[in-house]
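**Student:** If you scroll down you'll find the structure; I have some questions about it.
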């Protein structure tokens, strides 16, 4: 029997065979950035790691600060939970929660408050984890929520995690995908003002984002020939140009171009009619034009369950689909479901990518036949004179 690792992820099991690589048979090493120390990030991290069964498939490595984690262990009454402080993620302790202290000093926790020190710690955790995944020390990253304004005031020059990881990926076309058991929604534009969205919706951009979405559905989620629904930008899909012309001038030509590349793209669909019917169940993914068009519906239907995944990058990065929730920080009210799903999704996607590489590695060469085999022809019988 082939030896491998069984990943129990999101109510399904994935067997990862030990083919070609010893690394494939090891637990998935997942780096978890602490997020804002005064938000619910540390709480949902600890809650998601309480169940020891999660350690059977992954080795978690928290990037943060030991005294912050100890504060929340005491505050939440998790005294039975412990962790190993390690100097490097390269050699974590299996079957244990590991922690890398990213800064030498200790931090005071003030639940619910915005502090520059929170930004400093969060930024350092992100930078340390990204350096480690680039060096091959960890297999995937799960980021806990940050306060964008706090981090930007501390010198983080990005609108969010997504843009940061895209900037490190040597020109790779990143794509934000929100995924749950109900749906997968990707965004053409992300953290931009609404009055700039229309100018950013071009045929080339929509086509490129749809192609990245298609590739991710195939490689990261294991879906063959995925069907993608593309939402319209304007109400009622523009009413034949009466309420905007983007559908006629941009989206329909983009969909036509995608079909020439054998990508199953359909639409454009008006958002209200699409989600107000059973249409979403007919598609493997939905491509929305802007942030709130996709996320409003997604969070209404999948809140506390959904996962944010940055597709199109050479690394695997997921996160819970909620923010810092300062109003309930430290009160033991935060649900860990989304964080737990983010951990399992990261393991799933890492496994799926490796399976895809194995399946498509070293294909047999195709030889052209010089002559067609005439296997139906009868043998010639010489005639006697």
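**Student:** Mind checking which pairs have a first residue in segment 79-96 that is surrounded by 11 or more Cβ atoms within 10 Å (Cβ to Cβ) and a second that is modelled with pLDDT under 90, Cβ under 7 Å, 6 or more apart or different chains?
**Tutor:** Correct list of pairs: 94/27.
**Student:** Got at least one residue in segment 59-70 being in contact with a strand residue (DSSP E or B) (Cβ under 6 Å, 6 or more places away or on another chain), at pLDDT 90 or above and under 30 Å from residue 360 (Cα atoms)?
**Tutor:** yes
**Student:** For segment 238-261, name all the residues that are touching a strand residue (DSSP E or B) at 6+ places or on another chain (Cβ under 8 Å) and either modelled with pLDDT of 95 or more or closer than 19 Å to residue 186 by Cβ (or both).
**Tutor:** 247, 251, 252, 254, 255, 258, 259
**Student:** Given the condition closer than 29 Å to residue 71 by Cβ, in contact (Cβ under 8 Å) with a residue 12 or more places away in the chain, in the same structural domain as residue 33 (by TED's automatic domain parsing) and surrounded by fewer than 20 Cβ atoms within 10 Å (Cβ to Cβ), answer yes or no: does some residue in segment 162-174 qualify?
**Tutor:** no
**Student:** Determine whether residue 53 is assigned to a helix (DSSP H, G or I), farther than 23 Å from residue 313 by Cβ, touching a strand residue (DSSP E or B) at 6+ places or on another chain (Cβ under 9 Å) and free of Cβ contacts under 8 Å to residues at least 60 places away in the same chain.
**Tutor:** Against the criterion (assigned to a helix (DSSP H, G or I), farther than 23 Å from residue 313 by Cβ, touching a strand residue (DSSP E or B) at 6+ places or on another chain (Cβ under 9 Å) and free of Cβ contacts under 8 Å to residues at least 60 places away in the same chain), residue 53 qualifies.
**Student:** Further question: For segment 295-316, how many residues meet the condition of being over 20 Å from residue 345 (Cα atoms) and crowded, with 19+ Cβ neighbours inside 10 Å?
**Tutor:** 1
**Student:** Something else: Working only within segment 85-113, note down all residues that are out of contact with any helix residue (DSSP H, G or I) (no Cβ under 7 Å at 6 or more places or on another chain) and more than 26 Å from residue 333 (Cα to Cα).
**Tutor:** 86, 87, 88, 90, 91, 92, 93, 94, 104, 105
**Student:** Given 351, 265, which one is in the same structural domain as residue 114 (by TED's automatic domain parsing) and not in a loop (DSSP other than H, G, I, E, B)?
**Tutor:** Exactly one residue qualifies, and that residue is 351.
**Student:** Follow-up question, since we're still on this one. Given (1) free of Cβ contacts under 8 Å to residues at least 24 places away in the same chain; (2) farther than 24 Å from residue 315 by Cα; (3) not in a helix (DSSP H, G or I), identify the lone condition not met by residue 229.
**Tutor:** Tallying (1) free of Cβ contacts under 8 Å to residues at least 24 places away in the same chain; (2) farther than 24 Å from residue 315 by Cα; (3) not in a helix (DSSP H, G or I), residue 229 fails exactly one: (1).
**Student:** Can you give me the number of residues within segment 224-242 that are loosely packed, with under 14 Cβ neighbours inside 10 Å and closer than 26 Å to residue 194 by Cβ?
**Tutor:** The qualifying residues number 5.
**Student:** Can you pull out every residue in segment 189-206 that is touching a residue at least 40 places away in the same chain (Cβ under 8 Å) and closer than 21 Å to residue 178 by Cβ?
**Tutor:** 189, 190, 191, 192, 194, 197, 201, 206
**Student:** Turning to a different aspect of this structure: Within segment 276-293, work out how many residues are assigned to a helix (DSSP H, G or I) and either surrounded by fewer than 20 Cβ atoms within 10 Å (Cβ to Cβ) or at pLDDT below 95 (or both).
**Tutor:** So the answer is 6.
The values are calculated or read from the model by the stated rules, or taken from the named source; none is laboratory data. Computed from a predicted structure; not experimentally measured. A quick note on method: Cβ atoms are made from the backbone with ideal geometry, for glycine too, and the neighbour counts reach across all protein chains shown.
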